[in-house]
Structures are given as C-alpha cells and as structure tokens.
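For reference, the structure is listed below as structure tokens.
The values are calculated or read from the model by the stated rules, or taken from the named source; none is laboratory data. Note that this is a predicted model, so its numbers are computed, not measured. Here the Cβ positions follow ideal geometry from the backbone for every residue, glycine too, while neighbour counts run over all protein chains shown.
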Amino acid sequence: MNPNRIFADLVVFARGYFRNPIGLFFSLFFPIILVSIFGVIFSSGSSPVTIHVVNQDSPSNTSIQFLSDLNKTGAVNVELTSDGDLSGFLASNSYPVGLIIPKGFAAALANHTPIALTMYGNPQDPTSVGIAESAVATVGNDYSYRAANSTPIVFLQVHPVGSTLFTSIDYLVPGLIGFSILTSPMFSMVEISASYRKDGLFRQLSLTPLTKGEWLTAKILWYIVLTFISAGVMVGMGVFVFHAHVTLVVGLLPFLILGPVFFVALGMLAGSLAKTVETAAVIGNVVTFPMMFLSGTFFPVALFPEPWRTVAHYLPLFYVIDGMDRVMLFNNLAGALPDIAFIAVASVLTFIAAVLTFRWRAE
Amino acid sequence: MPNAIEVHGLKKTYGDLAAVDGVDFVVPTGRVFAFLGPNGAGKTTTVEILEGVRKRSEGEVRVLGLDPWEDGARLHPQVGVIPQEFRFFEKIHPDEAIHYYGVLFGTSPDPEKLLRLVGLSDKATAKFDTLSGGQKQKLGLALALVNDPKVCFLDEPTTGLDPQARRAIWDVIRQLRSEGRTVFLTTHYLEEAELLADQVAIIHHGKIIASGTPEEIIAAHGGRERLTVEGPPSLAQYLNQRLGVAARAVDGRVEVPMRERGDALKVLTALEASGIPWQRFATAHDTLEDVFVALVGKMDDGVLKAEGAA
C-alpha cells in the first residue's frame, strides 16, 4: 500500500464526484430531503387527537372545567359540537372520536352518584380512540377521587429509558444515517465496477503501479468522508429542525468508518459478479433493497412482526443501525461493542474477498 | 538488448476459436514495428498479450526480457500503452490526468510539455468527456509517455481520426523512434505502416501471412512495376496476343505487368500500332496496400498459391 498513490486516486475520484451534479445531489442533498420528509411525517404523529364533544350538562361550570382539564392533558383537543346525532355526525365527517357529557353530570359529582360518559370511537382508527379513551379515563378517575375526597394509592410513574423520552424522530436519525451508509457506496460501487470494466479503465489502471487494494482503499476513504458529511447534515437537521434527542458521540466513529468499508467492498464484490452494466444494477438492487427496508432504517426492528425480525438479524446493516441507536440514543458504547465487532470482521473479510474477486485484467 | 519483443508460437484460443494461432516475430530495440491486419485478424488480442493485460493460451512471449502476464509489475513501469479508443475518467482534466499518472509511476512529468508534444495544450483544463475522439487519443498518447517508456504499444492509435489529428500522432511516433524507443503499432491503415514502420507483419485469421520491411514484403508478394493506360478491354487482348504479356482490363484501364524496363518501349510501340484509342500512359509500383489486399483476398478466397505460380 503506497499512501501517495492512494491519495492521488482519492483526489481524482473526489474531483470527479464534485464535477458530477447527480452524484453530489445523492450524497449531500438527498440526506437533507430524506430527513425533511420523514421528520415531518414522524413529528406530526404526536399532535393531539381531536375529540368532538356534546356537552348536554351545559352550562354547568363543572362540565366546562372537566373539558378544560381534558384539554390540558395535551393528548386530546376538545371541539364542542351541537346536540344531535353524534354518531352520525362523526361518521359523516370521518371524525375518529366523540364524547357525550350527559345532563346531570355536575349534580352527579356533587351527590356522589355514579354517572356514565358516552364515547363513540371509529374502529378503523384504534390509535386515536385508545388515546382519547385513556385521556378521558384519567381525567374521570381524577374527578372521582376528588369527589370522594380521596387520593389514589397506587401510582404509575413512567421514567424514560436512557436520558430522555424518545420519539420516532430520534430513532429515525440513526436509521437514515444507516440508509446513507448503505446506499451511497453500494449503488456507486456496483455501477463503477461494471462501467470501468466496460470502458477499459481497470485495464488502463492495471498498466500502472496502482494496485487493486490501493484503488479500493481510495474509494473507501472517499465514502468515509461523504458519510461524515451526510451524518453531520442529518444529525444537524434532526436536532435543530425536528428537535431529535440524538448526540454526536465518539462511539459513532466506528460505524461511520467501518460502515463505508463494508459497503464499498460489498458493492465491488456484487458488481464484479455482473457481466454488464445492466445486470450490475439488478444485482445491486437485489443486495441493497432488502437491507434498505428490513434493517431498521425507517422503523425500529423491534416493531417488525416475525419472521422479519429474525430476517433483520441476518442483514449486515442491522448491526450498523442497532449499534448507532445504542451510542446515539443511549450513549451505550459497551452495548454496541458486539455490533462493532461484527461489522469489523465482516468488513475485513469482504474487503479481502472483493480484492481477490474483481479483475483488472482479462484471463 | 538486441530485441525488445520476442514472440514464439503464440496462441490464444476461446473454446474452439483460435484468435491468435501460432504467431512468431521479433521486434529489434529502437524500431517501429507495424502489426497489420483486417478487423478481427487477432491484432488487438496479440498486443494485449504483449502488454500483459490478457493471458495467452500457449507460446513464449518476452517484452524487455520479461513475461508480461507474470512480471507485469516489473514490466509496466517500462512500457507505455494506448488502447484502441482510449477512455479515461469522465470528469478529469488532461493536466490532472498527467499529474495523476506521474504520482502512480513515481515520476515528475511536465504536463505542459507532454500536452504540447501531442498537440493538446489548448485543452489542458477541459473535462475528458468534452474532448473529441482525436483529443482523447492524444491524451492517451501523453499518458503513455508519463513514465518515459522504453517500449510503446499503440493499438490502432489513429482509427477514426481526421487527417490532421492522424498526422499529429504520426509526428509523435516519429519522435519516439528518434529518441530510441521501440514502438509496436497495430493498424489497418497501410499508408500508416508504410510511412512509419521499419518492419511490418501482416496477420490474418490469427496467422502471420507476411513479414519483413515494407519493401521486402512488396518485393516478395507482388512488387512489380506496371504500366497503365486508359482504354477499352480490347486493348488488353491486343497487347496479350501481340506481346505475350499478362495485360488486364480493370475499370476502363489496362494494366500491363513489366518484367523489365525495356517492356515499356515495346508496350508503347504496340499501343501506337494497335489503332485502338488510348490515353494517359503511366507507370506504377505495387504499394503495401496492393500486396495486403492481394494477400488477404487470396486467403479469403482459399486459393493462397505458392509464390511464383501466378
């Protein structure tokens, strides 16, 4: 390995990259677009559920206070509606949840008489219905205790795991960095391996003292640089735009370095199996797409049904994303060591296999 | 070293097909050797084996005393190569490409000087994919010289180029020869071989069908002077009957092969006496192209006759 030759090849490759607007777009602007799209989708998931209320006890202060307390939970947003057929009103407007505060609500509380609130829920939106149910039940229980002059004995205190309470956007940032570590080198290397062979560029390079290992190392270095840039962009966007609770920690370095090593080598290996540029693209897609969706890039693997959860454990990208989740969300480098070990071994083996498999010259 | 390149019994087969079928030749150091042949004759396969980018099936090959396939790492710093239709990184500039090659070979080339040599100075900072075919080929030539090579392999370097670009590359080849470098040139332009080469080998269907200096090949495989006049075919018949020569009518002309110089006077006298109208009396000598067309044609007709049988 001659560092001068590696550096010269790196400079030539990097220049080519910057002079090609499409490559630059995919490496730098695509991550921004990805984080923006998914950030908007997942951030909007936490907005309160609108609950349409018919207050038949109006104008009692108690019922108005009850609805105000319901609003304060932050889980629901109370919208008053006029008396009538609430169920029909919800159905005709595609609203998920409705609530009726019955006449005599204030009096019942004052007299300690049991009284039922009526809720309508659309079974096709169980999430909204569940949120509304638990909000109403919580506030209802609170009113029952107060009316009985009593306090709850058993409490539930929810503590976040790690340092903060995580939201979807938090899991999304490591997932999208993983997506970038996978796709950028894989698609490029598969294409390069086929087109360089077709254009005789490998043949041309074989006539110089540059070795296959040096050439591949230069590509790896370049994709490590790109990975650092796109990870920085995504973390920045996640934190400053979508308020994600992720941190840039030293523990992230092994993944930002080993990830590109593995996927550059894998892309080269996959590309060298192809005879033409067209079949190279097909092989690249076959290798890339399962990993793109099943490794926890967009959704945590823990949410997958079987057998997909098991399948994920056979995909190398799973270990990259799992490890990045551990270090970025929990700052748990020790817990990420098995992931790092797996990727390190896989990277070395894949690099060697790629150098041995791809041919500069014709037999 | 007397010979820069030595090839004995070289064969390259793909299944049952023999692309190169038992080829022998040597190229003395400092000479320009032209490897001629029609498309698909085995030229590129042979030159790629000599460069060490293709593995041979059989035979002995030595370039600068080294086996190109086994000792590529030692050979390549001493040779320069331009492949057919040279291609390179799409977005690289010629001056950057020369610098890059310089680092790879551990030399310090002067990009300006090399680009001036090949006539590409005005495109030093143009992207490779914006260069014309001839300009790309010139950059290939400049890169082949970055490591100050002892042997240059040029595989059809002027194919598809305009006459001006072709002449520019010829000038570079002449300069390489004057600097004492050995040049191995494949081409299907006979004129190119005749102008540049000290030695020529003609390959067809994977076999060498003629070799030597251009003059030797012309002398051995045709090489006679002939008279031509414009006139009807009856003129050829008249000359053959009257003089016992082998005159042929071709495209409104009559060609008369000469055995000796005195034949010219006899033919002129006979023409005057014939009473058949004729004009434009001229003499011509077989060119390498005539020999090439005749040899390749004969091979293709399957009637390659023994010398002198005609």
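Quick rundown of the values:
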| read-out | value |
| --- | --- |
| Restricting the stretch B:49-59 to residues that are more than 7 Å from chain A (Cβ to nearest Cβ) and of a type outside the set (A, V, I, L, M), the residue that is surrounded by the most Cβ atoms within 10 Å (Cβ to Cβ) | B:Gly52 |
| Checking B:Ile92 against (1) over 25 Å from the mean Cα position of the chain (by Cα); (2) part of a helix (DSSP H, G or I); (3) facing chain A (nearest Cβ under 10 Å), the condition it does not meet | (2) |
| Single match in B:Leu10, B:Leu17 (criterion: aliphatic (A, V, I, L, M), surrounded by 23 or more Cβ atoms within 10 Å (Cβ to Cβ), over 19 Å from the mean Cα position of the chain (by Cα) and at negative phi) | B:Leu10 |
| Checklist (1) under 31 Å from the mean Cα position of the chain (by Cα); (2) within 13 Å of chain B (Cβ to nearest Cβ) applied to A:Ile37, failing item | (2) |
| Residue in the stretch B:23-45 that is surrounded by fewer than 19 Cβ atoms within 10 Å (Cβ to Cβ), within 13 Å of chain A (Cβ to nearest Cβ) and either touching a residue at least 12 places away in the same chain (Cβ under 8 Å) or not hydroxyl-bearing (Ser, Thr, Tyr) (or both) present | no |
| Candidate set from the stretch B:95-131 (those that are facing another protein chain (nearest Cβ under 8 Å) and of a type in the set (Ser, Thr, Tyr)); member that is surrounded by the fewest Cβ atoms within 10 Å (Cβ to Cβ) | B:Tyr100 |
| Number of positions in the stretch A:241-260 that are at pLDDT 85 or above and either more than 24 Å from A:Ala336 (Cβ to Cβ) or crowded, with 24+ Cβ neighbours inside 10 Å (or both) | 4 |
| 3 or more residues away from chain B (no Cβ under 14 Å): qualifying helices (runs of 4 or more DSSP H) within the stretch A:175-283 | A:212-240, A:253-272 |
| Of all residues making up the stretch A:116-149, the number that are out of contact with any strand residue (DSSP E or B) (no Cβ under 9 Å at 6 or more places or on another chain), part of a helix (DSSP H, G or I) and without any contact (Cβ under 8 Å) to a residue 24 or more places away in the chain | 7 |
| Hits in the stretch B:64-89 (condition: more than 12 Å from chain A (Cβ to nearest Cβ) and either of a type in the set (A, V, I, L, M) or under 22 Å from the mean Cα position of the chain (by Cα) (or both)) | B:Leu64, B:Leu66 |
| Complete set of residues in the stretch B:109-138 that are within 17 Å of A:Val12 (Cβ to Cβ) and part of a loop (DSSP other than H, G, I, E, B) | B:Pro109, B:Ala124, B:Thr125, B:Ala126, B:Lys127, B:Leu131 |
| Selected residue [of a type outside the set (Ser, Thr, Tyr), modelled with pLDDT under 90 and within 20 Å of A:Leu201 (Cβ to Cβ)] from B:Gly80, B:Gly119, B:Gly133 | B:Gly133 |
| Top-ranked residue in the stretch B:249-288 [being loosely packed, with under 15 Cβ neighbours inside 10 Å and of a type in the set (Lys, Arg); ranked as modelled with the highest pLDDT] | B:Arg280 |
| Among the candidates B:Leu176, B:Leu161, residue that is assigned to a loop (DSSP other than H, G, I, E, B) and among the hydrophobic types (A, V, I, L, M, F, W, C) | B:Leu161 |
| Residues satisfying the stated conditions in the stretch A:8-19, i.e. surrounded by 15 or more Cβ atoms within 10 Å (Cβ to Cβ) and either in contact with a Lys or Arg (Cβ under 8 Å, 6 or more places away or on another chain) or more than 7 Å from chain B (Cβ to nearest Cβ) (or both) | A:Asp9, A:Leu10, A:Val11, A:Phe13, A:Ala14, A:Arg15, A:Gly16, A:Tyr17, A:Arg19 |
| Residues located in the stretch B:200-210, provided they are assigned to a strand (DSSP E or B) and either on the phi > 0 side of the Ramachandran plot or surrounded by 19 or more Cβ atoms within 10 Å (Cβ to Cβ) (or both) | B:Val200, B:Ala201, B:Ile202, B:Ile203, B:His204, B:Ile208, B:Ile209, B:Ala210 |
| Lone qualifier among B:Val81, B:Val151 - being assigned by TED's automatic domain parsing to the domain that holds B:Thr45, of a type in the set (Val, Ile, Thr), over 23 Å from A:Ala8 (Cβ atoms) and surrounded by 20 or more Cβ atoms within 10 Å (Cβ to Cβ) | B:Val151 |
| Residue identified as in the same structural domain as B:Phe25 (by TED's automatic domain parsing), touching a residue at least 60 places away in the same chain (Cβ under 8 Å) and of a type outside the set (D, E, K, R) among B:His93, B:His188, B:His99 | B:His188 |
| Sole residue being over 20 Å from the mean Cα position of the chain (by Cα), among the aliphatic types (A, V, I, L, M) and within 18 Å of A:Ile181 (Cβ to Cβ), chosen from A:Met268, A:Met237 | A:Met268 |
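Okay, residues lined up against (1) assigned to a helix (DSSP H, G or I); (2) within 17 Å of B:Phe33 (Cβ to Cβ); (3) over 18 Å from the mean Cα position of the chain (by Cα):
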site: B:Pro149; (1), (2), (3): no, yes, yes
site: B:Cys152; (1), (2), (3): no, yes, no
site: B:Val172; (1), (2), (3): yes, yes, no
site: B:Thr186; (1), (2), (3): no, yes, no
site: B:Ala193; (1), (2), (3): yes, yes, no
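Results for (1) at pLDDT 90 or above; (2) surrounded by fewer than 20 Cβ atoms within 10 Å (Cβ to Cβ), shown as yes or no for each residue.
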| position | (1), (2) |
| --- | --- |
| A:Val311 | no, yes |
| A:Asp325 | no, no |
| A:Met328 | no, no |
| A:Asn331 | no, yes |
| A:Leu337 | yes, yes |
| A:Ile340 | yes, no |
| A:Val345 | yes, yes |
| A:Ala353 | yes, yes |
| A:Ala362 | no, yes |
